[in-house]
Amino acid sequence: MMTRSQQGRANRLTRPSIAVAAAVAVTAGVVAAAPDAKTAAVAGPKLSLIAASKSVTLDSWKEEPGVYLDLGTYLTSEKGAFEFKVTRKSYKDPVVASQIIRNGKKTTTKALPAGLVKDFSGLPGFMTVDVVDAAGKSVLKKTESFCPNNASGRVRPDAPANSKYPQSCPSNPFTLGSVWGVENGWAANTYAGYYSQPVQLAAGTYTAKISVTKKYRDLFGIANKPQSVKVTVRERSWEGEEGGSGGAAAKVASSSLHAGHGGHAGHQAAADPAPSGHAGHGAPARTDAPAAATTGAGATFNVGHGPYPPAPPALPWALKKQAAEKRGGKDSFGAQGFSAARVGDRAGQTDGSRQAPGAQPNAKRPTGKAAVPDVPKPDLRSLPAYGITVSDGYEDVPGKDYLAFSANVWNAGPAKLVVDGFRSPGKELMDAYQYFYDAKGKQVGYTPTGTMEWDPRPGHEHWHFTDFASYRLLKADQKETVRSGKEAFCLANTDAVDYTVKNANWHPGNTDLSTACGQENSISVREVLDVGSGDTYTQDLPGQSFDITDLPNGTYYIQVLANPENRLKETNHKNNSALRKVVLGGKKGARTVKVPAHHLVNAN
């Protein structure tokens with residue numbers, strides 16, 4: 001994931017993106033086949049696999065080999081929501097998942113088999129896809145996971161107007177808790193999006209058979225009713241396409257299909273979970289899965305900060321169909337009754353394309369005596385460093401070795417962190433204030449808490465809250481510091497770290513830099529870190545990362561320390577530090593780093 005400092009540079013390197021999708025509004029109920037006697041006996045909502053269209057056309061670009069199998073299939077949930085709570089007690093403990101079944105005022109919990117769910121990206125091995133060519137020969141068989149939080153819409157008009165569940169499944173390796181769900185009367189796209197690798201299919205026609213695997217049919221009472229979709233693969237090239245020299249129009253079209261996961265083009269990630277030191281300074285290692293371009297969707301999309309790919313909005317192929325395809329009052333999606341509308345979050349539709357609005361600061365700086373009342377406060381905690389790699393300083397400081405990493409500070413609650421900055425006319429710094437609220441959301445106190453500063457560097461160009469976190473490289477004794485740094489932050493809710501904590505906000509605002517950080521001429525700005533969310537910041541440029549050029553080989557620890565000066569008022573100052581072990585090796589100019597697993601989390 002590209003860093004803030006890389007944004008301006010990367011914007012010049014990546015192709016522009018445009019939203020080309022239309023959203024789905026369901027105008028008629030979906031009638032699914034009744035499950036057999038065996039599945040009917042299983043408690044829980046009624047789940048059905050449906051296909052939005054009987055046929056799809058997928059593009060294979062010569063410049064980006066591979067086809068993404070976005071086949072437009074959905075899982076519908078009726079007679080209740082399809083809901084899960086996914087947690088781990090600590091990084092020493094495995095991930096456990098439970099289905100939450102609500103029947104009126106009665107709520108029951110059904111633990112999923114141990115080891116079935118290993119991370120927070122969704123239900124693994126949920127779908128099978130079998131593809132045969134025109135001659136009936138099998139050319140592809142694969143399984144894919146399913147994130148219940150994927151892009152979705154209502155399947156009947158009396159369903160809840162909005163889904164209460166988060167917009168995607170987290171991708172941060174140090175996630176602690178998540179909530180998944182398909183709202184009652186809604187359908188969630190089964191396509192795995194960014195988590196899915198492209199497949200090799202030659203231009204031609206195929207038939208894809210999509211089905212839910214037997215273990216999940218038995219577990220959740222899903223009828224064995226596979227869906228069949230005709231697939232046309234067409235080969236295209238950026239060169240020679242109409243619309244401009246060099247195939248510019250085709251590049252834009254391709255980019256719009258493959259961007260889809262972040263509001264800032266310069267923030268697109270290299271999808272390799274262990275990116276090289278140059279990740280983010282050129283084209284992505286692989287393209288995004290097909291989806292409409294988003295502009296900083298939910299917190300779980302990890303927009304613009306860390307090295308890991310954002311979780312997929314996974315807009316289904318059906319959303320990309322145009323309203324012009326409707327014929328004679330009956331649209332081309334067939335008997336399911338889908339019709340094209342517009343892209344975006346609204347009543348009955350969440351597709352991951354929204355830009356969460358920035359929080360508005362108070363009209364004036366606070367007056368009266370500053371006070372810290374006895375009300376709930378935030379609890380800032382650090383995650384262990386990740387995305388750890390060695391870089392060479394790029395063109396900025398060539399010939400040196402730097403240890404780059406990503407750091408995340410999150411808020412365990414029970415209250416959100418709210419910081420306003422106010423600028424006196426002509427002053428370079430803003431005065432920052434932390435606010436406190438009672439149980440009804442009324443502001444009942446404030447305290448001065450340092451400053452905010454404008455960062456004019458290309459790729460930044462926003463207001464940073466100072467003294468939010470510091471980073472230290474410690475010797476093997478975990479005490480003596482050999483390198484240190486302090487970074488000002490623009491606070492944004494980029495990662496859903498634990499949505500199971502008290503008062504966690506599953507739909508936070510301030511999810512991307514453009515809404516959270518203000519402009520150079522801003523007179524005031526509000527930055528918020530909501531309960532359950534964290535902000536990932538990648539330290540990978542000289543001045544941010546650690547200079548390890550002359551350090552001896554051996555064991556070290558990266559320390560991420562939240563609120564280092566204790567200027568922010570929080571419930572607990574004793575859990576602000578996190579350590580990550582690293583082992584440096586190699587020679588000057590070719591240093592290496594090994595990153596041992598952090599208990600059960602084996603991600604560098």
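The values are calculated or read from the model by the stated rules, or taken from the named source; none is laboratory data. Fair warning: this is a prediction, and the values are worked out from it, not measured in the lab. Every residue, glycine as well, gets a Cβ built from its backbone with ideal geometry; the counts of neighbours run over all protein chains shown. Surface accessibility is based on the protein's heavy atoms, side chains included, excluding ligands, DNA and RNA. Shrake-Rupley method; radii C 1.70, N 1.55, O 1.52, S 1.80 Å.
Structure above, values below:
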| item | result |
| --- | --- |
| Count - residues of the stretch 423-438 that are open to solvent by 10 Å² or more (accessible area, probe 1.4 Å) and under 31 Å from the mean Cα position of the chain (by Cα) | 3 |
| Residues that are at pLDDT 80 or above and either of a type in the set (S, T, N, Q) or open to solvent by 70 Å² or more (accessible area, probe 1.4 Å) (or both), drawn from the stretch 377-407 | Arg381, Ser382, Thr389, Ser391, Lys400, Ser406 |
| The stretch 62-101, subset in a loop (DSSP other than H, G, I, E, B) and either of a type in the set (Lys, Arg) or without any contact (Cβ under 8 Å) to a residue 12 or more places away in the chain (or both), residue surrounded by the most Cβ atoms within 10 Å (Cβ to Cβ) | Arg88 |
| Considering residues of the stretch 111-140 that are hydrophobic (A, V, I, L, M, F, W, C) and outside any strand (DSSP E or B) only, the residue surrounded by the fewest Cβ atoms within 10 Å (Cβ to Cβ) | Ala135 |
| Failed item, numbered, when Leu584 is tested on (1) open to solvent by less than 30 Å² (accessible area, probe 1.4 Å); (2) out of contact with any Gly (no Cβ under 7 Å at 6 or more places or on another chain) | (2) |
| Looking only at the stretch 150-187, and only at residues there that are more than 21 Å from Asn505 (Cβ to Cβ) and assigned to a strand (DSSP E or B), the one that is modelled with the lowest pLDDT | Gly153 |
| Members of the stretch 451-481 found to be of a type outside the set (Lys, Arg), open to solvent by 30 Å² or more (accessible area, probe 1.4 Å) and either part of a strand (DSSP E or B) or without any contact (Cβ under 8 Å) to a residue 40 or more places away in the chain (or both), listed by number | Thr451, Glu453, Trp454, Asp477, Glu480, Thr481 |
| Thr143 being β-branched (Val, Ile, Thr), surrounded by fewer than 23 Cβ atoms within 10 Å (Cβ to Cβ), modelled with pLDDT under 95 and over 25 Å from the mean Cα position of the chain (by Cα) | no |
| Some residue of the stretch 553-569 being in contact with a Gly (Cβ under 7 Å, 6 or more places away or on another chain) and at pLDDT 95 or above | yes |
